[in-house]
Amino acid sequence: MDIAVIGGGPAGLFAAIHASQSGKVTVLERGDTPGRKLLITASGQCNLTHEGTPEEFLHRYQGKGEFLKSALESFTPGETISWFTRLGLKCTSNEDGKVFPASRRAADVLRVLTDQCAKFNVRIISDFRVNSASKTAGGFSLCCADGKTVRASRIIIATGGITCPATGSSGDGFKLAQSLGHRIVTPRLGLCGITAADHFLRPLSGVAFSSAVIRVSRNGRDICTHEGPLVITSKGFSGPAIVDRSSRMDAGDTITIDFTGSRQAFIKRVIELASLRGSRQLATVIHEAGIPRSLVSCMLQHAGIDGARKSAEVSKKQLLGTANLFTSSSFTIAQVGDLFTAMVTAGGVDTSEVNHRTMESLLTPGLFFAGEVLDIDGESGGYNLQAAWSTGALAGRSCLA
Ligand SMILES: Cc1cc2nc3c(=O)[nH]c(=O)nc-3n(C[C@H](O)[C@H](O)[C@H](O)COP(=O)(O)OP(=O)(O)OC[C@H]3O[C@@H](n4cnc5c(N)ncnc54)[C@H](O)[C@@H]3O)c2cc1C
């Protein structure tokens, strides 16, 4: 083989299509069909990218955007939309900028990819799980579990991460990359909810907040802050405010939540309302300042505060203390997601050992990487698939050079 792509996910198929324009390309896929994870993206609707410029995308990858700059510029989010549209897949954007196929069917996205593979004579060999890879004089030798061996002059590892192992991504690529000399940044789960150890808000499971602010700290040091929609779950918390920073969190960290999203304004409002409507109950004042009644009663009960007291009878210090419960409520994180529900893997092939202009290994010439196997993880909203398209296109084109 000229070029072997290990992994038939979005990154691998895209790399294969772009490499096939002037080389013989084979995709080796461990499952019986390619793109199984793609089919479950956005509950089967496939949020395939986001509106925006490459520059705007750089901030969406947990501080790792700089590595992706060349890839995003060489295959931009706009090009993703026009590439699929040109091939007959109409795209549509939500108000928040998320881009989907107009049909809202991930299967249509996969069909475009497999049709292009067929058009450019990309061979897809399924049920071929690459177990080991070694460098040979002429390129690489790849062995399958049943002993079959193939040789290729160049290879692209596009085996994804470790989440949702039923879709075929279970970390094989990390072992393959390691055996070819690469360092692996310890894989972590990302785009997932968290379990809170002291979850006294469990009865409020399902209550959502349009804009909350979270702060995560470890051993007294701040790790990250983020703002966005948040939802209370039976285990802890989820929603973009949590999910988009989950790959930075660890069990044992403290998460402090401002359910109001705007501490100063909320406290000002509580003080105003308490002085204007002193005969109202404390709980009512807090509710009228913008907190759902269910959260007010659960929080006050947990703090042992009598919400039935008239607000005029509450001292300013007590009033501030009560308001603070809603703007800085702390929980210990017991667990960050799990393998079956987390949507991405943070960690993976150390990007400092990969040429960002080509996606080629800096250690082993002829070896390329694409997609989630790399140590990059994006926020929710189409950023991870865009990373797959951009790194896939770049790796595919570069391995022809
Ligand atoms: C539930 C869910 C919803 C998501 N929704 C979105 C979304 O809407 N938008 C978005 O941007 N991102 C979304 N993501 C993330 C996105 O799906 C991934 O980032 C993307 O699929 C990564 O593409 P990839 O090609 O790198 O890896 P994968 O899609 O994981 O593909 C890797 C492929 O390699 C194969 N493979 C693995 N090991 C071997 C081996 N040893 N030999 C041969 N083949 C192998 C696997 O079988 C698999 O087919 C979602 C993820 C999940 C789990």
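What to note about this one:
- Sum of side-chain charges, Thr332 neighbourhood, beta-carbon under 12 Å (Lys, Arg +1; Asp, Glu -1): -2
- Calculated over the chain, the projected area of the Cα convex hull averaged across directions stands at 20.6 nm².
- For the range 36-134, the set of GluC sites (Glu not before Pro) satisfying both a DSSP loop assignment and a count of at most 13 other C-beta atoms within 10 Å is given as Glu95.
- Degrees separating the helix 383-398 axis from the principal Cα axis of the chain, which is the longest one: 20 degrees
- Here's how it looks for Ile156: its modeled amide H is under 5 Å from those of Ala4, Val5, Ile6, Phe368, which are all 5 or more places away or on a different chain.
- Across the range 213-275, Cα-Cα distances exceeding 18 Å account for 42% of all pairs.
- Of all the options Val109, Val296, Val243, the one that moves most in a Gaussian network model of the chain with Cα springs shorter than 10 angstrom is Val296.
- Candidates Leu39, Leu87, Leu189: whichever shows maximal mean-square fluctuation once the chain is modelled as a Gaussian network with Cα springs under 10 Å: Leu87
- For the range 193-337, a crude dipole built from +1 on the beta carbon of Lys and Arg and -1 on the beta carbon of Asp and Glu, taken about the Cα centre, is about 320 debye to the nearest 20.
- Set of lysines with alpha-carbon distance to Lys316 below 17 Å, sequence-local pairs under 8 removed: Lys268
- For the chain, the longest principal axis of the C-alpha atoms and the axis of helix 316-327 are separated by about 20°.
- Residue-wise HN-Hα couplings along the range 127-141, as the Karplus relation 6.51 cos²θ - 1.76 cosθ + 1.60 with θ = phi - 60° gives them from phi, are 6, 10, 8, 6, 9, 8, 9, 9, 7, 10, 4, x, x, 9, 10 Hz; Gly and Pro carry x.
- Once backbone amide H atoms are built at 1.01 Å from N, Cys91 has Ala102 as its partners under 5 Å, excluding neighbours fewer than 5 places away on the same chain.
- Cα Rg over Rh - the range 193-337, Kirkwood: 0.99
- Using alpha-carbon coordinates, inclination of helix 65-74 to the longest axis of the chain, degrees: 50 degrees
- Among Phe369, Phe14, Phe209, residue whose mean-square fluctuation peaks in a GNM of the chain (springs only between Cα atoms under 10 Å): Phe209
- Across the range 115-121, computed HN-Hα scalar couplings (Karplus, 6.51 cos²θ - 1.76 cosθ + 1.60, θ = phi - 60°) run 5, 5, 4, 4, 4, 9, 6 Hz from first to last residue, x flagging Gly and Pro.
- Under 16 Å of direct C-alpha separation, and excluding same-chain neighbours fewer than eight residues apart, Lys90 reaches these lysines: Lys98.
- Helical content of the chain, expressed as a calculated mean residue ellipticity at 222 nm, amounts to -9000 deg cm²/dmol (DSSP H runs of 4 or more residues, -39,500 (n - 2.57) each, divided by residue number, nearest 500).
- Taking all Cα pairs closer than 8 Å and separated by 6 or more residues, the relative contact order of the chain comes to 25 percent.
Values quoted throughout were computed directly from the atomic coordinates according to the rules given, and no laboratory measurement underlies them. All values derive from a computational prediction rather than experimental measurement. A quick note on method: Cβ atoms are made from the backbone with ideal geometry, for glycine too, and the neighbour counts reach across all protein chains shown.
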